[in-house]
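Let me begin by presenting the structure, written as structure tokens, before commenting on it.
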């Protein structure tokens, strides 16, 4: 899915801003989107995660990798929930989050955790473990 396609006003959007000095950050952003969309679909099949990369141009800070999310498209960055910052992380490999690091904050930001999910945390952990096993190389 291209990050320039028109946005569905009823679906969540993942916003990633990364510096232009690291060529692999765009590839990492696309991979993070695919992994997160897959994880969300496994937990909540109706969710179709959309993507915007450097919507207002790349940040000036070298090494920046910022992740935010909104339940519906949000023009203003203040209307998005900040999920991850890679600004202060060293080495560069730690600047990009793994889907396991952000799935819970994303679900909370999108209010995808139902009240009965809290009572059955084991079910959520089982789903995530099954998803990890299905993605791991054999």
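Quick notes on this structure:
- Rg and Dmax over the alpha-carbon atoms of the range 1-80 stand at 12.5, 37 Å.
- Inter-label distance, nm, simple model (7 Å from Cα along the C-beta direction), residue 48/residue 101: 3.0 nm
- Computed from the C-beta positions of residue 4 and residue 89, the FRET efficiency with R₀ = 25 Å rounds to 0.35.
- Footprinting exposure proxy ranking of 36, 112, fewest other C-beta atoms within 10 angstrom first, gives 112, 36.
- Packing-based order for 72-84, 47-59, using average beta carbon neighbours within 10 Å, highest first: 47-59, 72-84
Computed from the coordinates by the stated procedures, all read-outs in this text should not be read as laboratory data. Just so we're clear, the structure is a prediction, and the values are computed from it rather than from any experiment. Neighbour counts run over all protein chains shown; Cβ positions are idealised from the backbone, glycine included.
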